[in-house]
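Written out below as structure tokens is the structure these notes cover.
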Amino acid sequence: MIKTHWQFFRPLEEDSVADVRIYLKSRAQGDVLPWAAQRAAAASYGMTVAAVEEAALTAGLLPARYQRNRKTFSTDDQLKFFRTTVAVVGCGGLGGYVVEELARLGIGRIVAIDPDVFEEHNLNRQLLATVERLGTSKAEAAAARVSEINPAVSVIALKERFSKENGLRLFEGVHIAVDALDSIFTRLELADVCRQLTIPLVHGSIAGWYGQVVSQLPGDSTLHTMYGRCAEGAGVEKELGNPSFTPAVVASLEVAEVAKLIVGRGAPVRQAMLVVNLLDMEFNKFKIGC
Amino acid sequence: MIHVVVKLFATLREGRFAEETREYQSGSDVAGVIRDLGISEKEAALILINGRHADLSTQLNDQDTLAIFPPVGGG
């Protein structure tokens, strides 16, 4: 069992949310809070739907959108998700799916980082890429998509290229980082920044039929061990490209790792690498010394 | 001579194999094996011998299992 290394809980301003809690309890069906009531409470009490969501969760009420999560995640788990900030570095193939799944899971704050705009060759695989969005920002598309899915989730869209120079600034308030980059060199800078901030990094990368996933926890240097010999070079994706299904698979595995790290259950792929081969349909886990 | 189980992953299998027991001269190192297989050094991003991280210069012993992974860096 892994212990979480960061603190989720901050003091609540009990007085300011007491009234809205009474209202929410009056509108709840059992312990489930319908979206209409969440939205009405926000309007009546001059709060954001996010603030209402936190008030509901701290009162033991589950926003109805999470009903199908609840056999997997408790209302307390949902509160942990809500109080977590996850940075998604790259909003392309992996990042589009990662942002989507984090928002549907109920992660309270997502920092979406990508300097690029959509191009035609993104349309084969990137969830956020649409014909309408060609030429527009990937990070802003992530924010727009989340606001359609789950307005209780805050997205900070940063149109910047991540590096070790700006990493500390971009990651202000971030509890977990998700690697959705397309450069090995930048990945290793991301790994360094996460080590410096002592935050977990969930790594994923893809090429053709293949992918890999690693959770690098504070103190580990798994990514440097994996890539150390080819830090400057390109991966095999430069020749293989990426089809539609590989980013969806690997992004989902990354989000599962994020969820486990937040709730502190299960066994992340730590000091190990999960190797995914969709051509031969093999999933193998190898230990990697840290 | 030594016998080494060589496991290849992802693109390294193409035109080669997934797993084979191969015979090498005693004292052979990883660099010699990947040269024998026609794999370039930059294609061998991660090398594990018996599940432990190894390098090109690591010498192989009889009955070792050598696993070679290419760099996968897309997103």
Just checking, how many residues over the stretch A:109-125 are assigned to a loop (DSSP other than H, G, I, E, B), surrounded by fewer than 24 Cβ atoms within 10 Å (Cβ to Cβ) and free of Cβ contacts under 8 Å to residues at least 60 places away in the same chain? 4
Only one of A:LEU79, A:LEU24 is out of contact with any Cys (no Cβ under 6 Å at 6 or more places or on another chain), part of a helix (DSSP H, G or I) and closer than 28 Å to A:VAL202 by Cα, namely A:LEU79
Being more than 9 Å from chain B (Cβ to nearest Cβ) and touching a residue at least 12 places away in the same chain (Cβ under 8 Å) is the filter here; which residues of the stretch A:272-290 pass it? A:ALA272, A:LEU274, A:VAL276, A:LEU278, A:LYS285, A:CYS290
So, of the residues in the stretch A:82-99 that are within 14 Å of chain B (Cβ to nearest Cβ) and assigned to a loop (DSSP other than H, G, I, E, B), which turns out to be surrounded by the fewest Cβ atoms within 10 Å (Cβ to Cβ)? A:GLY92
Here the residues within the stretch A:226-271 that are touching a Ser or Thr at 6+ places or on another chain (Cβ under 9 Å), of a type in the set (Gly, Ala, Ser) and either crowded, with 20+ Cβ neighbours inside 10 Å or more than 10 Å from every other protein chain (Cβ to nearest Cβ) (or both) are A:GLY235, A:ALA259, A:GLY264
If B:LYS42 satisfies every condition in (1) part of a loop (DSSP other than H, G, I, E, B); (2) at the interface with chain A (Cβ under 8 Å from one of its Cβ atoms); (3) charged (D, E, K, R) but one, which is the exception? (1)
Among B:ASP64, B:ASP36, which is the only one that is in contact (Cβ under 8 Å) with a residue 60 or more places away in the chain, farther than 28 Å from A:GLY93 by Cβ and either more than 14 Å from chain A (Cβ to nearest Cβ) or in contact with a helix residue (DSSP H, G or I) (Cβ under 8 Å, 6 or more places away or on another chain) (or both)? B:ASP64
How many residues does the stretch B:1-14 contain that are crowded, with 16+ Cβ neighbours inside 10 Å and assigned to a loop (DSSP other than H, G, I, E, B)? 1
Quick check on this structure: which one of A:LEU102, A:LEU128 is hydrophobic (A, V, I, L, M, F, W, C) and part of a loop (DSSP other than H, G, I, E, B)? A:LEU128
Among (1) surrounded by 15 or more Cβ atoms within 10 Å (Cβ to Cβ); (2) outside any strand (DSSP E or B); (3) hydrophobic (A, V, I, L, M, F, W, C), the one test that B:PHE17 misses: (1)
Residues in the stretch A:176-194: is at least one within 20 Å of A:VAL255 (Cβ to Cβ), away from chain B (no Cβ under 14 Å), surrounded by 22 or more Cβ atoms within 10 Å (Cβ to Cβ) and β-branched (Val, Ile, Thr)? yes
Quick check: is even one residue across the stretch B:18-25 more than 11 Å from chain A (Cβ to nearest Cβ), among the aliphatic types (A, V, I, L, M) and free of Cβ contacts under 8 Å to residues at least 60 places away in the same chain? no
Being of a type outside the set (Lys, Arg), surrounded by fewer than 18 Cβ atoms within 10 Å (Cβ to Cβ) and touching a helix residue (DSSP H, G or I) at 6+ places or on another chain (Cβ under 6 Å) is the requirement here; does B:LEU56 meet it? yes
Which of the following residues is assigned to a strand (DSSP E or B) and either in contact with a Lys or Arg (Cβ under 7 Å, 6 or more places away or on another chain) or surrounded by 17 or more Cβ atoms within 10 Å (Cβ to Cβ) (or both): B:ILE34, B:ILE47? B:ILE47
Looking at (1) more than 14 Å from chain B (Cβ to nearest Cβ); (2) buried (at least 21 other Cβ atoms within 10 Å of the Cβ); (3) not in a loop (DSSP other than H, G, I, E, B), can you tell me which one A:GLY204 breaks? (1)
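For (1) of a type in the set (Lys, Arg); (2) closer than 26 Å to A:VAL255 by Cα; (3) modelled with pLDDT under 95; (4) crowded, with 17+ Cβ neighbours inside 10 Å, each residue gets a yes or a no:
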{"residue": "A:GLU14", "(1), (2), (3), (4)": "no, no, yes, no"}
{"residue": "A:ASP31", "(1), (2), (3), (4)": "no, no, no, no"}
{"residue": "A:ARG39", "(1), (2), (3), (4)": "yes, no, no, no"}
{"residue": "A:VAL52", "(1), (2), (3), (4)": "no, yes, no, yes"}
{"residue": "A:TYR66", "(1), (2), (3), (4)": "no, yes, no, yes"}
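The values are calculated or read from the model by the stated rules, or taken from the named source; none is laboratory data. Just so it is clear, the structure is predicted and the values come from calculations on it, not from any experiment. Every residue, glycine as well, gets a Cβ built from its backbone with ideal geometry; the counts of neighbours run over all protein chains shown.
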